[in-house]
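Each remark here refers to the structure printed beneath this line.
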Amino acid sequence: MYRKVYVDVLIRHEKNGKITPLALTWENGEVYEIDRVTQICKAASLKAGGAGLRFTCRIRNRETYLFLEDDKWFVEGKS
Amino acid sequence: MERIVLHVDCNKFYASVECLHRPEIRNLPVIVGGDESLRHGIVLTKNEIAARYSIKTGEAIWQARQKCPNLVVVPPNYPLYMRFSNLAREIYCDYTDLVEPYGLDECWLDVTGSGIFGSGREIAELIRRRVKKELGITVSIGVSYNKVFAKLGSDYKKPDAVTVIGKDNFKDLLWPLPVREMFFVGRATEKKLNSCGIRTIGDMANCSREYMKLILGKHGEMLHAFTNGYDNDPVKHMDDMRIIKSIGNSSTAPRDLKTENDVKVLMYVLAESVGRRMREQGFRCKTVGISLRDNELCSFVRQMKLPAYTASTGEIGAVAMTLFKENYNLKRQKPLRSLGLACSDFEHEAGAVQLDLFGDAQKRLKAERLDAAVDGLQARFGSESVRRGVLLTDRALSGFEPGGSFTPFKRSF
């Protein structure tokens, strides 16, 4: 089962309006740097329950989805 | 040139959105229902699993529970549904600017000029897949050459499906359906048609136009045309939808209304809200209508024209009460469950006012200035700051904001 985990995200806002997430802070306070964003698209998260802009991120050599739903960020956490 | 019209219907919209957001209830029978303690306890939508228990939209939640004891009842979350509705419309707008919403969960799209994206069926498939991926809900889409058939097409196969109804196959697909499947045929019309031996959509189409007119009047002619595919009503442009034609509110009372004063209290709450919204838009109205529903859920509407345009809460309330007294007798008829009030036939307040010999118009202007002053006070100090005397006679009935639109948000100066 999965759950919806809202996270703090460090974002770089560029002058042309582009946004790039740089790092996220997990519930326990651990900071995960985002090495690369490989894809950005609109998508729903059936696992966590939500929909928004989906950033496919490489974090510590693993692929993770990071969602921007309105103005909050969440990831699909295992429970 | 033949038009290509799509009708997109989000399947079980409220329930689908709720199930998307709560994975834990996705495999259970779920309904979205109102608050039972406020007597708003009816089924608004159900998911596919609840539908298998033959739970119907509009029935009471306790009835639904009898059919399915482990039913999950979720309260409605309208801001969330609005968000999803807008997100879906954003997708539709990628293909055409002719998008006409019909409620939160349905839209007509005219894609005649959108050939760059493919044929009608191809665009429908694109939209179906995109909504599923991006929003996590399913839609069923009807593709046809007019709005009525497109709507029937979206009902034909659901969920998550595309049905194409063309000039070649509409007789095979639609004509065998019972009349009640037809757009604009409700309970009363169905009964009338059945009593004349007209049972299917095809029967309606094959009657002569004159015969249909004889049974149902103007409405019959329209149905005859629609069932034969002669509907040429255009899909409206996005921006044309903003024209406001009427402003209304309705509310189910926390308890049955048994006396005239009960009705008066609720009617003035509605009049306050409708009047204020009308003044916000800068409108005056010339027609006031009320809708009444008794505790056995029978409802009807009545309306009347005013001698002159008005935006005054007092006058709207008084007219509504006159209408009520002329058309309903609480002593002989059943107690009322819900009331509605709507104003229509607008003119803009910047227009000239027709004065009259006996000074009624001036009184009316004075009343409007008073209303404007009250609006200002309420906006600044909250809606509780100034109230009509009648609303204080029963706070249980008057203690709500219709539609919740008027937040007691206090502006600071």
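In which sequence would B:Ser119, B:Ser37 go, from the one with the fewest C-beta neighbours within 10 Å to the one with the most?
Ordered from fewest to most neighbouring Cβ atoms within 10 Å, B:Ser119, B:Ser37 come out as B:Ser37, B:Ser119.
For the range B:246-294 and the range B:69-147, compute the distance between their C-alpha centroids and round to whole Å.
Result: 33 Å between the Cα centres.
Using Cα atoms only, what is the angle between the long axis of helix B:218-227 and the major principal axis of chain B, expressed in degrees (0 to 90) to the nearest 10?
For B:218-227 against chain B, the angle is about 30 degrees.
Quick one: give the max-minus-min coordinate of the C-alpha atoms of chain A along each principal axis, largest first, in Å.
39, 26, 21
Going by Cβ distance under 4.7 Å, what cysteines of chain B have no possible disulfide partner?
B:Cys10, B:Cys19, B:Cys68, B:Cys93, B:Cys107, B:Cys196, B:Cys207, B:Cys298, each lacking another Cys Cβ under 4.7 Å.
Would the range B:110-267 count as rounded, prolate or oblate if I go by the C-alpha gyration tensor, calling it rounded below 1.5 in a/c and otherwise prolate when a/b exceeds b/c, oblate otherwise?
Oblate, since a/c reaches 1.5 and b/c is not below a/b.
Would you work out the Kirkwood radius for the protein assembly as shown? I mean one over the mean of 1/r across all pairs of different Cα atoms, in Å.
The answer is 26.3 Å.
For B:Lys236, go through the aspartates and glutamates and keep the ones whose alpha-carbon is under 14 Å away, minus same-chain ones fewer than eight residues off.
B:Asp97, B:Glu100, B:Glu106, B:Asp110
Show that you can apply the helix-only estimate: for chain B, add -39,500 (n - 2.57) for every DSSP H stretch of four or more residues, divide by all residues, and state [θ] at 222 nm to the nearest 500.
Helix-only estimate at 222 nm: -12000 deg cm²/dmol.
Roughly how big is the range B:219-263's charge dipole about its Cα centre, with Cβ charges of +1 (Lys, Arg) and -1 (Asp, Glu), in debye to the nearest 20?
180
Just want to confirm a number: the relative contact order over chain B, from Cα pairs under 8 angstrom separated by 6+ residues, in percent.
About 13 percent, as a whole number.
Compute the normalised compactness of the range B:22-174: alpha-carbon radius of gyration over 2.2 N^0.38 Å, N being the residue count.
Cα-based Rg divided by the globular estimate yields 1.18.
From the backbone phi of the range B:309-323, what are the Karplus-calculated ³J(HN,Hα) couplings (6.51 cos²θ - 1.76 cosθ + 1.60, θ = phi - 60°) in whole Hz, Gly and Pro given as x?
So the J values, rounded to whole Hz, are 5, 8, 10, 8, 4, x, 5, 4, x, 5, 4, 4, 5, 4, 4.
Please compute P(r) over all alpha-carbon pairs of chain B, binned at 10 Å starting from zero, and give each bin as a whole-number percent.
Going out from 0 Å in 10 Å bins, chain B shows 4, 17, 23, 28, 20, 7, 1, 0 percent.
If you plug each phi of the range B:96-106 into the Karplus form 6.51 cos²θ - 1.76 cosθ + 1.60 with θ = phi - 60°, what whole-Hz ³J(HN,Hα) values come out, in order, with x for Gly and Pro?
Karplus-based 3J(HN,Hα) across the range B:96-106 equals 7, 9, 8, 10, 10, x, 10, x, 6, 10, 10 Hz.
Please get the size of the charge dipole for chain B, origin at its Cα centre, with Cβ charges of +1 on Lys and Arg and -1 on Asp and Glu, quoted in debye to the nearest 20.
Dipole of chain B, to the nearest 20 debye: 1040 debye.
Under the definition of Cα pairs under 8 Å and six or more residues apart, what whole-number percent is the relative contact order of the range B:1-91?
So the answer I get is 26 percent.
Collect residues whose amide H, placed 1.01 Å from N in the peptide plane, falls under 5 Å from the amide H of B:His40; neighbours closer than 5 in sequence don't count.
B:Asp35
Which percentage, to the nearest 5, of the DSSP beta bridges contained in the range B:1-107 is antiparallel?
About 70 percent, rounded to the nearest 5.
In what order do A:Ser45, B:Ser144, B:Ser344 fall by count of nearby beta-carbon atoms within 10 Å, going from fewest to most?
Ranking A:Ser45, B:Ser144, B:Ser344 by Cβ neighbours within 10 Å, fewest first, gives B:Ser344, A:Ser45, B:Ser144.
Just round it to a whole percent: the fraction of Cα-Cα distances in the range B:269-413 exceeding 22 Å.
44
Quick check: from the Cα gyration tensor, does the range B:201-355 come out rounded (a/c under 1.5), prolate or oblate?
Judged from the Cα gyration tensor, the range B:201-355 comes out oblate (a/c at least 1.5, b/c at or above a/b).
Rank these for me by crowding, B:Met82, B:Met1, B:Met278, B:Met304, going from fewest to most other beta carbons within 10 Å.
Ordered by Cβ neighbours within 10 Å, fewest first: B:Met1, B:Met82, B:Met304, B:Met278.
For B:Val301 and B:Leu357, FRET efficiency with R0 = 41 Å and r from the beta-carbon atoms, rounded to 0.05?
Calculated value: 0.75.
Computed from the coordinates by the stated procedures, all read-outs in this text should not be read as laboratory data. Remember, it's a predicted structure, so these values are computed and weren't measured experimentally. FYI the Cβ positions are ideal-geometry reconstructions off the backbone, even for glycines, and counts take in every protein chain you see.
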